[in-house]
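Before any comments, here is the structure.
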Amino acid sequence: MNLSGLLPLLTDRPDCQPLVQKLAEGHERASLIDAAKPFLLAGLSLPMLVITPNIERAKALRDELVAWCSPEQTILLFPELDVLPYERLTPDLSTVQKRLSVLATLCQSGQTSPLIIASAHALSHKTVSATDFASTCLLVKSGMHIDMSRFVTHCVEIGYETGEIVEAPGDVSKRGGIIDIFSPNNDNPARIEFFGDEVESIRWFDPASQRSVEPAESLAIVPAREMLLPPKDQLERVLTEFDLSHCNNQTRDLIYEDIELLLGGQWRDGLQFYAPVFNNSTLLDYLPPKTLAILDDPESISKELEDLESQATGLRRGQIERGELPRNFPVPYFGWVEIEEKITRNIRRLSLEKWSGTDTSSSFDFGTAPNYAGQISRFLEDTSKGLRDGNRIIIVSQQAERISELLGEQDILASPVSQVEQVPPPASLTLVRGSLYGGWTLDETILITDSELFGFVKKRRPVPKHRAQHEIFLADLSIGDYVVHVDHGISRFIGLTNMATNGTKREYLILEYADDGKLYVPTDQVDRVARYVGSGGYAPSLSRLNTQEWTRTKQRAKQATVEMAQELLAIYASREISPGIAFQPDSLWEQELDASFPYEETHDQMQTIHDVKKDMEKLKWQFEPHSKQ
């Protein structure tokens, strides 16, 4: 869904130009309803940073801006870390990856007009300086000459971990004349093939199958951790300045052990705890000149950061009293006063105040949309009247097809569309297939969403990220489990082992077959192995290697499948010619019941529902009695 064609409704208004002019001069305030804020932000100039009180508001605003901005505009969410200040926990890998990706985008000279959304907590967390971050980035192109060993060493220094295969962001692997690397700013890992020290080709590959997908012209390598270590002499001086006089023995030993690891260039979970020792910057330091900072409800932003500081101060005091934290350990976040000072000093600022209905400071004439709360008949009556009065009505709904049918019964023709390319004329109705969190009115324009129609907006169920096949087997496969290899048959998994081939170590699954046969399967080929699933709970017979036994078994299974398909075909053919009952199309009540489902259906689910209902409405064979002869 894209609604960017409606932006002239705002940008062509006389009262919009004075606001833009005031923004160019400095700080400005505006007051409007929450539902209209994404529409306003999409009409303002870029680059832009939107600061929200919390991450939930940031995500909701990101979803809205995607609908209102041009499809070519990149919109980035800068997430907040899922650990509290002074906690010795490792942040979520995907969260760190997204933060690094945003920082990398801002360091690219070609990205001049970003739109970034960050919560107050995400912005307050100290990060790597923009200068250090940019100086460690690399750009690899075909034809370049690179020392492979130095390249891998540099990657390790900026946070990458070496391994046999590359599956997750921050992994790097060297095998002969090939380097695989997964930079956090990319969706997929890349495979760099060398001829001597010359880059011969760069290709993206699938981390699950480890197979190449498509070529790449170039590859940007960015730091894999939000923590860059200084040279060893400076690192040693900084780490030995901790005041451990009040720390207990356990904490003192742990810090000495951590210092030894960091000085030795080694890493383990929990060392991100020391990031505040080296980080003293914020996302604001990465922003290009003339960036517009939008403070979405400054009062709530200030309160969130005050609460964070209060909570962090309590944690710090308690850890120092228990001897778990050096007294001079640096603060890992910026407070509201420091952030506000950076904003005021470096960039333009617009404060979006809470709508009070009386404040006229740079406010717009947005009004709240009419609320129907499931009263569809009243909605249809108001829509007919609004069109007669010359209103421009825009309906955004996930139930667009159903609403189109209801409007058709009132002789209002509106076919659902997925985007609006230009402002519709007055006395028109536009029906858009999609979702917004709320509607508004502006002059003769009325925007109505599911929130006003049904009293709620369907929620998008989060799509879980699938782990790579290697991770699945390591996590879920146990010694003694029965598995099936697509080429060699049923076996028993008896463990993992490391073996060197042509000077390169790889990890293998050990599969045991009948007659003490063993098969070693590289972990990057686990897509050829599946868990055995049988009936009755009996242990299966193991296959024999180097025989035709498994081939014959597959042939028998194939023949049985063909026979079953023929039986099913006969069953469905008989059903097609049998008498059936033609159900009536959905009534208004049934449509309202469907619309009350609180979650957004996927495209496949909607197609399935549509197909089933159409099938139920068909009378496949009408029985007609014949008169006796």
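Couplings 3J(HN,Hα) of segment 276-285, computed from phi: x, 5, 10, 9, 8, 10, 9, 4, 4, 6 Hz, in residue order, whole Hz [Karplus 6.51 cos²θ - 1.76 cosθ + 1.60, θ = phi - 60°; x for Gly and Pro].
Given a 1.4 angstrom probe, what's the average accessible area per residue across segment 302-359, in square angstrom?
On the way: 3180 Å² over 58 residues.
Per-residue value: 55 Å².
The ellipsoid that matches the Cα gyration tensor of the chain has semi-axes, each √(5λ) in whole angstrom, of 48, 45, 22, with the longest given first.
Three semi-axes describe the equivalent ellipsoid of segment 543-610; taken as square roots of 5 times the Cα gyration tensor eigenvalues and ordered largest first, they are 44, 22, 6 Å. Compactness of segment 65-186, taken as the C-alpha radius of gyration over 2.2 N^0.38 Å, stands at 1.21.
Distance check, please: which entries in 558/613; 126/232; 59/613; 22/59 exceed 25 angstrom between their Cα atoms? Mind showing how you got there, number by number?
Details: 558/613 34 Å; 126/232 22 Å; 59/613 35 Å; 22/59 28 Å.
Correct reply: 558/613; 59/613; 22/59.
What's the long-distance tail for segment 148-261, i.e. % of Cα pairs beyond 26 Å? Everything past 26 Å amounts to 35 percent. With Cα atoms defining each centre, segment 151-192 and segment 563-585 are spaced 54 Å apart in the structure. The H on the amide N of residue 368, modeled in the peptide plane, is under 5 Å from the matching H of 441, each at least 5 residues off or on a different chain. Alpha-carbon geometry of segment 1-126: the Rg and the Dmax are 16.1, 54 Å, given in that order. Using only the Cα atoms of segment 204-361, each taken as one equal point scatterer with no solvent, compute I(q) by the Debye sum, divide by I(0), and report log10 of the ratio at q = 0.13, 0.18 Å⁻¹. Listed by q, the Debye log ratios stand at -0.90, -1.16.
Between 491, 101, 284, the Cα set farthest toward the positive side of the dipole of the chain (charges on each charged residue's Cβ, about the Cα centre) is that of 491. For segment 210-269, GluC sites (Glu not before Pro) meeting the loop criterion (DSSP other than H, G, I, E, B) and having at most 15 other Cβ atoms within 10 Å: 217, 241.
Rolling a 1.4 Å probe over the heavy atoms of the protein chains gives segment 122-222 an accessible area of 45 Å² per residue.
Please work out the C-alpha center-to-center distance from segment 35-58 to segment 209-237 and express it in whole Å. Between the Cα centres of segment 35-58 and segment 209-237 lies a distance of 31 Å. Label-point separation (nm) for residue 497 and residue 583, each offset 7 Å from Cα along Cα-to-Cβ? Each label point lies 7 Å from its Cα, and together they span 5.9 nm.
Could you grab the Rg to Rh ratio for segment 304-442? Cα atoms only, Kirkwood for Rh.
Values: Rg = 25.4 Å, Rh = 20.3 Å.
So for segment 304-442, dividing Rg by the Kirkwood Rh gives 1.25.
In the chain, the portion of solvent-accessible area held by carbon and sulfur atoms comes to 50 percent [1.4 Å probe, whole percent, DNA, RNA and ligands not counted]. With all protein chains in place and ligands, DNA and RNA left out, the 1.4 Å accessible area ranks 37, 290 as 290, 37, largest first. For the chain, a simple Cβ point-charge model (Lys and Arg +1, Asp and Glu -1, everything else neutral) yields a dipole of about 880 debye relative to the Cα centre. Ranked from largest to smallest solvent-accessible area, with a 1.4 Å probe on the protein heavy atoms, 492, 99 come out as 492, 99. Once backbone amide H atoms are built at 1.01 Å from N, residue 221 has 138, 139, 140 as its partners under 5 Å, excluding neighbours fewer than 5 places away on the same chain. Largest accessible area first, the residues 28, 617 order themselves as 617, 28 under a 1.4 Å probe with ligands, DNA and RNA left out.
Per 0.36 nm of contour for each residue apart, how much would the distance between residue 593 and residue 268 grow if the chain were fully extended, relative to their Cα-Cα spacing?
Full extension of this stretch gives 111.7 nm more.
Could you tell me the calculated FRET efficiency between residue 178 and residue 572, based on Cβ-Cβ distance and R0 = 56 angstrom, to the nearest 0.05? Provide the component values of the computation, followed by the final result.
Values: r = 51 Å, r/R0 = 0.91.
For residue 178 and residue 572, the calculated efficiency is 0.65.
The values are calculated or read from the model by the stated rules, or taken from the named source; none is laboratory data. Since we're looking at a predicted model, the values are computed, not measured. Neighbour counts run over all protein chains shown; Cβ positions are idealised from the backbone, glycine included. What goes into the accessible areas is simple: the full protein's heavy atoms, side chains included, and nothing from ligands, DNA or RNA. Shrake-Rupley method; radii C 1.70, N 1.55, O 1.52, S 1.80 Å.
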